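Asks: Got a structure for you, written out below as structure tokens; questions coming shortly.
Each reported figure results from applying straightforward, stated rules to the coordinates on display, with no laboratory input. The shown structure was predicted, so the numbers you read here are calculated from the model rather than taken from an experiment. Because the Cβ atoms are built from the backbone with ideal geometry, glycine has one as well, and the counts that use them run over all protein chains shown.
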Amino acid sequence: MGGAEYTLSCLICRRVALRITAITNLWLVSQEFTHRRRKWIHKLHLKYGPIVRIAPNEVSFASWDAANEIYASGGSGYDKTTLYTLFENFNKRNIFSTLEKAPHAEAKKQFADRYTKSFIMQPDVRSGIQELADQFVTLCTDTPSEAVDIYIQTRCYALDCITYHLFHPFGLRSLTQPSDREIMKQLSYVDDLIPSYLRYYFPALSGLFKQLLGPSTSLASSYVATSAHRTDVASDSVLHKLQTGKNATNVPSIASECMDHLVAGIATTGDSLCYLIHHLSLDSSLSIQDKLHQELSANPSANIDDLPYLDAVVKEGLRCFVPVSMSLPRKVPAGGRIINGVYVPGDTIVSCQAYTMHRLDTEVFPNPEAFIPERWIDAEGTIGRNHLFFAFSTGGRGCIGKNLALLEMKMLLREVYSTCRTRIAPEMKACMELEDQLISAPPKDMTCLITFEKIG
């Protein structure tokens with residue numbers, strides 16, 4: 001084992017910016033608490049390649065071989081680290097916060113069918129999402145001369161979509177109902193990174209702060225806890241499926257699962273749409289808007305998945321503006337493993353981050369900082385692009401909501417760009433840089449002012 005550890009040290013220690021990372025995690029922690037982990041790790045990969053040691057017991061990888069080993073070997077890859085316990089709700093685990101593969105797989109079976117492509121494409125599901133997409137466009141075009149803050153509107157749309165899927169017919173209506181919009185605001189205008197890392201690294205200190213501040217219950221938690229007790233939801237809802245499963249009587253566990261889906265659904269899909277509409281509204285992107293409009297207007301009744309340029313725009317948006325900024329850490333199994341040609345000892349924390357996976361290999365993604373939807377239409381290089389596309393992770397523990405998220409994005413963009421032209425509002429001064437939170441990366445200033453102009 002000593003020789004194996006020496007191999008790790010020799011091959012990886014050279015690939016760090018500061019030697020201190022080989023003896024302490026303080027530098028890594030400082031990057032995390034200051035919202036700089038993603039950028040710092042990416043700079044290390046740009047300098048040293050696909051393997052970098054970022055702490056004495058933590059290594060970051062950026063290659064398909066590594067991602068496949070870490071997240072997909074044996075079906076679901078390695079077990080998760082204790083970081084994921086931060087995502088428990090109501091003091092109960094959900095599939096995202098479950099660390100071990102076996103209990104995760106068992107829990108996932110209870111509702112996985114609700115997120116399959118065939119289920120998502122059923123008329124009842126699609127019609128609900130379509131109605132919300134129509135509402136979004138109506139609200140954004142009611143006053144054509146006024147700017148719309150789409151950071152708010154895309155998050156409202158995402159929240160209404162996920163709660164429709166979870167609790168229909170008792171989903172939220174934050175696009176149109178001010179009281180429901182307050183739930184969106186409470187979820188969207190908060191910096192959860194420092195409190196979360198305090199809980200992870202300094203649980204005693206975090207517990208003291210919690211005692212001093214007293215108990216608090218968010219509007220979203222109250223809504224989910226109340227909804228989890230309902231017995232009159234639609235039979236095709238996620239909640240109904242959970243209520244007929246093996247944990248049907250464990251209401252707190254059901255609520256934890258639903259809360260996890262709600263939070264993930266609003267932050268990732270909402271922010272991805274915000275970044276994408278903003279980018280398409282730039283003067284430099286008007287030709288992309290025109291091309292997208294041409295495809296949509298020429299195929300008004302086409303199946304949502306039979307629009308290749310729309311699909312390319314969505315994929316390029318997810319590549320450039322990653323919905324999940326965290327590195328998805330995993331723990332190497334006992335006995336160690338070979339990852340990307342390097343032996344890594346057991347219990348080492350290993351991870352990949354989508355931001356770097358989508359940029360590091362310039363043979364697969366030439367000019368990686370440029371927004372080029374056409375790269376996804378080019379038949380050459382398809383395998384390589386798909387291997388490195390990490391927006392939804394990979395393997396058996398990848399994002400279960402992938403199909404729903406893609407449907408929401410495509411339906412909204414089809415409604416917007418088949419009927420409208422969007423531009424950056426003249427008064428828009430907010431910074432749109434990705435600002436890392438614990439899991440997501442909303443725009444730094446949490447504002448995005450866009451004007452919508454009806455076409456024809």
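Asks: Could you name the lysines whose alpha carbon sits less than 17 Å from that of Lys241, not counting residues in the same chain fewer than 8 places away?
Replies: In chain and number order, the partners are Lys108, Lys109, Lys117.
Asks: Residue by residue through region 257-263, what is 3J(HN,Hα) from phi via Karplus (6.51 cos²θ - 1.76 cosθ + 1.60, θ = phi - 60°)? Round to whole Hz and write x for glycine and proline.
Replies: Computed from phi, the couplings for region 257-263 are 5, 5, 5, 4, 5, 4, 5 Hz.
Asks: Spelling out what I want: for every residue of region 170-179, take phi, set θ = phi - 60°, compute 6.51 cos²θ - 1.76 cosθ + 1.60 (Karplus), and round to whole Hz; glycine and proline get x.
Replies: Running phi through 6.51 cos²θ - 1.76 cosθ + 1.60 with θ = phi - 60° gives 10, x, 6, 10, 5, 5, 10, 10, x, 5 Hz.
Asks: Quick one: 3J(HN,Hα) in Hz for region 440-454, Karplus 6.51/-1.76/1.60 with θ = phi - 60°, rounded, Gly and Pro as x.
Replies: With coefficients 6.51, -1.76 and 1.60, one gets 9, 9, x, x, 3, 9, 6, 8, 8, 8, 10, 9, 10, 10, 5 Hz.
Asks: Determine, from the Cβ-Cβ distance of Ser287 and Ile20 and an R0 of 60 Å, the FRET efficiency 1/(1 + (r/R0)^6), rounded to the nearest 0.05.
Replies: FRET efficiency, Ser287 to Ile20: 0.80.
Asks: Also: Within region 333-428, report the GluC sites (Glu not before Pro) that DSSP leaves as loop and that have at most 15 other Cβ atoms within 10 Å.
Replies: Taking region 333-428 and a limit of 15 other Cβ atoms within 10 Å, the loop GluC sites (Glu not before Pro) found are Glu363, Glu369, Glu380, Glu427.
Asks: Can you give me the long-range amide H partners of Thr81? Hydrogens built in the peptide plane at 1.01 Å from N, cutoff under 5 Å, separation of 5 or more residues or another chain.
Replies: Close amide H contacts, sequence-distant or interchain: Lys331.
Asks: Right, here's the next one. Write out the trypsin sites (Lys or Arg not before Pro) in region 381-456 meeting two conditions: DSSP loop, and at most 13 other Cβ atoms within 10 Å of their Cβ. Present the calculation step by step, with values, prior to reporting the outcome.
Replies: Working: sites: Arg385, Arg397, Lys402, Lys410, Arg414, Arg421, Arg423, Lys429, Lys444, Lys454; in loops: Arg397, Lys429, Lys444.
Here the trypsin sites (Lys or Arg not before Pro) that fit, given the DSSP loop and packing criteria, are Lys429.
Asks: Given a cut-off of under 8 Å on Cα pairs at least six residues apart, what relative contact order in percent is computed for region 31-107?
Replies: 15 percent
Asks: Where in region 411-455 does the label zone of Asp142 land, with the point 7 angstrom along Cα→C-beta and an amide N cut-off under 18 Å?
Replies: 416, 449-454
Asks: Order these by the 10 Å Cβ neighbour count, fewest first: Asp271, Asp347, Asp436.
Replies: Numbers: Asp271 28, Asp347 12, Asp436 21.
Ascending number of Cβ neighbours within 10 Å: Asp347, Asp436, Asp271.
Asks: Would you mind calculating the relative contact order of region 19-454 from Cα pairs under 8 angstrom and at least 6 residues apart, reporting the percent as a whole number?
Replies: So the answer I get is 25 percent.
Asks: Let me ask something else about it. Cross-link candidates for Lys80: which aspartates and glutamates have Cα within less than 15 Å, leaving aside residues fewer than 8 places away along the same chain?
Replies: Glu58, Glu69, Glu88, Glu100, Asp347
Asks: A follow-up question, please. Just subtract the alpha-carbon distance of Ser118 and His229 from 0.36 nm times their residue separation and send over the number in nm, one decimal.
Replies: 37.2 nm
Asks: Shifting gears a bit: Taking the Cα centre of each part, how many Å lie between region 429-448 and region 146-176?
Replies: 19 Å
Asks: Out of all DSSP beta bridges in the chain, what portion is antiparallel? Express it as a percent rounded to 5.
Replies: In the chain, approximately 85 percent of DSSP beta bridges are antiparallel ones.
Asks: Here's something else I'd like to know. Setting aside same-chain residues fewer than 8 positions from Lys185, which lysines have a Cα under 16 Å from its Cα?
Replies: Lys444
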